[in-house]
Amino acid sequence: MIVERFYQGRDFRVLVVNGKVVAVSERVPGHVIGDGRSTIEELIEETNRDSRRGDGHDNVLTRIEIDQTALSMIAEQGHALDSVLPEGERCFLRATANLSTGGSAIDRTDEVHPENIWLFSRVAKIIGLDIAGIDVVSPDISRPLREVDGVIVEVNAAPGFRMHVAPSEGLPRNVAGAVMDMLFPTGQLSRIPILAVTGTNGKTTTTRLLAHIVKETGSMVGYTTTDGTYIGDYLVEAGDNTGPQSAQLILCDPTVEIAVLEAARGGILRSGLGFDTCDVGIVLNVSADHLGLGDIDTVEQLAKVKSVVAESVIPKGYVVLNADDPLVAEMAERTKAQVAYFSMNPENETVLKHTAAGGLAAVYENGYLSILKGDWTLRIEQAVNVPLTMEGKAPFMIANALAACLAAFAQGIKIEHIRAGLSTFVASASQTPGRMNLFNMGKYHALIDYAHNPASYEALAGFVRNWEGVRIGVVGGPGDRRDEDFVTLGKLAAEMFDQIVIKEDDDTRGRERGNGADLIREGIEQVLSRVPDPRVSHETILNETEAIETTLDRAPNGGLVVILPESVTRAISLIEARNPISDSSTGQNGTASAPYSTNLKPSQV
């Protein structure tokens, strides 16, 4: 048994938005008023002819249905459907005043007593609702509830707006405007900062490093990469997520405070960026990759695709460009944003002219990663102390770090946060899977890297050539590349490794099995025929797993096995199954170490 107190009065709905009363409506249950001639049924039909009435919530008013509830209400008032009501007599068809059952609304916003306004605002704040619909029963809303025995009977967390936007009688209220003002306050930013990264090589590493630096500020960062979409420390969706759909996932998440988005060629060509503008855009480099696909046949055309990111930066934002790459540097002419350059050469003419004019840049000078602006230099950190750079032995990683640091600085991130991010970010299987993951296997080392085009092979060579022991490469390439690209990979492999094992991806992407491997072998033999080297040998093992396992089984003491896999996850699993001592610059328990340093020559960077 439930016993409730009975209150008499009219039905009011009060809408509170962001702690303020923005609208009040008196709700009247569905009813008809007699004219002395028509039956109740005829009066209902006449009422439903009102053009404002219809089915559902898309209309100002809802049609009155003759159902068992209506028939019961009519009977309680001593009538039937065929009863003729005297002129002016009202017959209610519902006990409640909901608009969805045929009720009507009268605006009473301007009649509410100030004490009641205070009370309604207080109730919404006590419950903790940004938007609240408060149901009130009171004989007179213009007098304090306590004086007229009025009462709040219900508080709704998802109130309807229809009765306020389009009341049956009275002044319409712009309640949606109050909601928009709450969500997007005047004078405050209505969007989170977006940092976009593109280029041919190094995108994922730079994206991850930049996101890691942003985390040092305490902000919740959402970022997309070729291996997944992340929010904070958590993987939201695995896979190659560098397109606009993944960007939208991040940008629509209410917990994300800053977005770092990797933008790849394929996604840009298919669907664009996924955002209209960004605050910082980074273009790392442009080199031959995926040519012949999607009507992109030249490097110049590919550069035009990548320049979309530079062109999307807002005028007060920064586009970060590689001054060492002419195709990237010239993108400065296509952007309306401020320009910042990074370079591995402190004497780069573009950088010198830019900084002389007061511009912002980042360079690698005297072993330091440094920020330049005008005539002052701010040294961030020595490359040897940045784990990502492999003690300064990986030039392309230094370039990636320069780009990330410059973008962070341009976004206003403090130098101490940038420095902390650099010192704690490691090219490991956990932080950058497939990007310079170096494993200490005891008597030899194994390196996994997702190099798959000529430019990335050349970048990798800058590190591999510094190795003092035997260098063995397990090499291949994606099947949808041009024949000449495979030949070039073979030439580069012959110049980089002492022993070469040629394998193929499981997915040959339409290419006949063995054809890609033959073209790589052709490139190797062209180099060896021109510059014979008895130390260099090569063989073909098409199956990637077999090629990796065979090479690891016969790795010599002090040697370096470089694996360029199709499946990074599988390659890492094969390595971890052999119980490596440590991964990259991180010891077994995450302790910083340098397991590879004894086999590296002094830096030639």
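So the values come out like this:
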{"quantity": "His354 - accessible surface, heavy atoms, 1.4 Å probe, Å² rounded to 10", "calculated": "40 Å²"}
{"quantity": "Stretch gain in nm, segment Thr186-Asp507, where the contour uses 0.36 nm per residue and the Cα spacing is subtracted", "calculated": "110.2 nm"}
{"quantity": "Distance-filtered residues of the stretch 18-59 - backbone nitrogen under 17 Å, label point 7 angstrom along Ala80 Cα→Cβ", "calculated": "38-43"}
{"quantity": "Heavy atoms of Leu93 accessible to a 1.4 Å probe, total area in Å² rounded to 10", "calculated": "0 Å²"}
{"quantity": "Over 22 Å (Cα to Cα) - which of Lys306/Lys503; Lys203/Lys316; Lys336/Lys373 fall in this group", "calculated": "Lys306/Lys503; Lys203/Lys316"}
{"quantity": "Average accessible area per residue (Å²) across the chain - probe 1.4 Å, nucleic acids and ligands excluded", "calculated": "44 Å²"}
{"quantity": "Of all DSSP beta bridges in the stretch 322-464, antiparallel share, percent nearest 5", "calculated": "75 percent"}
{"quantity": "Mean separation of Cα contacts under 8 Å, 6 or more apart, over the residue count of the chain: relative contact order %", "calculated": "9 percent"}
{"quantity": "Compactness of the stretch 376-527 as Cα Rg over 2.2 N^0.38 Å, two decimals", "calculated": "1.21"}
{"quantity": "Angle between the chain longest axis and helix 415-424 axis [Cα atoms, degrees, rounded to 10]", "calculated": "60 degrees"}
{"quantity": "The chain pair-distance distribution - Cα-Cα, 20 Å bins, rounded %", "calculated": "17, 36, 19, 19, 8, 1"}
{"quantity": "Point-to-point label distance, Met220-Ile2, nm (Cα→Cβ direction, 7 Å offset)", "calculated": "3.6 nm"}
{"quantity": "Using alpha-carbon coordinates, inclination of helix 114-127 to the longest axis of the chain, degrees", "calculated": "40 degrees"}
{"quantity": "Burial order of peptide ranges 382-390, 138-146 (average beta-carbon count within 10 Å, highest first)", "calculated": "382-390, 138-146"}
{"quantity": "Per residue Cα convex hull volume in Å³ - calculated over the stretch 69-157", "calculated": "140 Å³"}
{"quantity": "Relative contact order of the stretch 448-577, defined on C-alpha pairs under 8 angstrom at six or more residues apart (%)", "calculated": "35 percent"}
{"quantity": "Karplus-derived HN-Hα couplings along the stretch 498-513 (A = 6.51, B = -1.76, C = 1.60, θ = phi - 60°), whole Hz, x at Gly and Pro", "calculated": "8, 10, 10, 10, 8, 10, 10, 5, 4, 9, 7, 6, x, 7, 4, 4"}
{"quantity": "Label point at Trp118 placed 7 Å out along Cα→Cβ; residues across the stretch 142-164 whose backbone nitrogen lies under 15 Å", "calculated": "143-147"}
{"quantity": "FRET efficiency estimate (nearest 0.05) - Cβ-Cβ, Phe161 to Glu89, R0 30 angstrom", "calculated": "0.35"}
{"quantity": "Estimated distance in nm for a label pair at Glu539 and Asn515, the labels positioned 7 Å out from Cα along Cα-to-Cβ", "calculated": "2.7 nm"}
{"quantity": "The chain: antiparallel DSSP beta bridges as a percent of all, rounded to 5", "calculated": "55 percent"}
{"quantity": "Positive-end extreme of charge dipole, the stretch 420-522 - chosen from Ala446, Gly476, Leu422 (charges on Cβ)", "calculated": "Leu422"}
{"quantity": "Cβ-derived FRET efficiency at R0 56 Å, Asp149 paired with Thr277, nearest 0.05", "calculated": "0.45"}
{"quantity": "Length gained when the stretch Asp253-Asn366 is fully extended (0.36 nm per residue, less Cα-Cα span)", "calculated": "36.4 nm"}
{"quantity": "Length-normalised contact order of the stretch 85-242 in % [C-alpha pairs under 8 Å, at least 6 apart]", "calculated": "13 percent"}
{"quantity": "Spin-label pair Gln68/Glu522, simplified geometry with 7 Å Cα→Cβ offset, distance in nm", "calculated": "8.3 nm"}
{"quantity": "FRET efficiency for Glu169 and Arg270, using Cβ-Cβ distance with R0 set to 56 Å, rounded to 0.05", "calculated": "0.60"}
{"quantity": "Heavy-atom accessible surface of the chain: percent carbon and sulfur, 1.4 Å", "calculated": "49 percent"}
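The values are calculated or read from the model by the stated rules, or taken from the named source; none is laboratory data. Note that the structure is predicted; figures quoted are calculated from it, not measured. Positions of Cβ are generated from backbone atoms using ideal geometry, with glycine treated the same way; all protein chains shown enter the neighbour counts. These accessible areas exclude ligands, DNA and RNA; they are computed on the full protein's heavy atoms, side chains included. Shrake-Rupley method; radii C 1.70, N 1.55, O 1.52, S 1.80 Å.
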